[in-house]
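Just so it is clear, none of the values below were taken in a lab; they were calculated from the coordinates. Note that this is a predicted model, so its numbers are computed, not measured. All Cβ positions, even for glycine, are placed from backbone atoms using ideal geometry, and neighbour counts span all protein chains on display.
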Amino acid sequence: NAGVMQNPRHLVRRRGQEARLRCSPMKGHSHVYWYRQLPEEGLKFMVYLQKENIIDESGMPKERFSAEFPKEGPSILRIQQVVRGDSAAYFCASSSEQGSNEKLFFGSGTQLSVL
Amino acid sequence: GESVGLHLPTLSVQEGDNSIINCAYSNSASDYFIWYKQESGKGPQFIIDIRSNMDKRQGQRVTVLLNKTVKHLSLQIAATQPGDSAVYFCAENGSLGNTGKLIFGQGTTLQVKP
C-alpha cells in the first residue's frame, strides 16, 4: 500500500529555468493538495485539486506557478522562471474524500534549490 | 486573521518522561484539528486528530486535548522515546471547513535526551 509518492526528492535549478514537481496520491485518493515549507517554518497551503479540476488555488502565487492533476498520471506543480525565493520544500498530500475526511497524508516532499 | 501558533519552539525532555506540546489557535470557526510529526528530511506524518465536538482523544501513547474556551490544543506523549524526536506541528481547518486546506503552526522541536 504505497503512500503519497513525490519525485524528484531533490531538484536543483538555475534562476530562470523551469521546475516540474510530480505527485502520485495514495491509491484510492482523488484529492491532491500542494503545500510549501520554508526553512524552520510550518507548511503553507498552495493549491487543492481533484482530477482535471483546480478546486482552490488561493495559496498559489499569481505568476509563474501552475498546477494540474490530469485524468491519467500524477499531479504536476510547475514553476516557471524560478527565482532564489522559490527555494523550499514542496509537499504533496492526498485525501480520500472531501467533507468527511480532512486527514491529509503527505509525501516525502521535493526539495527545490535555486542557484 | 487566522493563525496557529505554538508556545515554545523547542522542548527538551528526558527519555521516559511525558511530553506536552502546546498550540494556540485564533479561529473559533475551526472544527477540526490535527497533529503532525515531521522528522528531518521527511514529510509530515499524521499522529492524531480531533473534532471540536470532543475535548480529548487518545491514541497509542499520545493524547490530544482541546480547550475551545481558550482556543488551546495540546499533544501529550507518554513515556517519550528517542524516536519521538522531531518537529511537531498542529494544524486547523480554519473557517473554510471541509476543504483539506489546513493552517499549520510554526512547529515545536522535541528533543529527547537519553
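3J(HN,Hα) along segment B:35-51: 10, 10, 10, 10, 8, 4, x, 10, x, x, 10, 4, 10, 6, 10, 8, 9 Hz, from the Karplus curve 6.51 cos²θ - 1.76 cosθ + 1.60 with θ = phi - 60°, whole Hz, x for Gly and Pro. Summing Lys and Arg as +1 and Asp and Glu as -1 over all other residues whose Cβ lies under 15 Å from the Cβ of residue B:58 gives a net charge of +2. Using the Cβ-Cβ distance between residue B:71 and residue A:44 with R0 set to 22 Å, the FRET efficiency works out to roughly 0.60. Other residues with beta-carbon under 15 Å from the beta-carbon of residue A:61 carry, at +1 per Lys or Arg and -1 per Asp or Glu, a net charge of +1.
In this structure, the residue pairs whose Cα-Cα separation is over 23 Å, taken from A:51/B:37; B:71/B:101; A:62/B:37; B:37/B:113; A:103/B:68, are A:51/B:37; A:62/B:37.
Spin-label model, residue A:27 to residue A:115: label points 7 Å out along the Cα-to-beta-carbon direction sit 4.0 nm apart.
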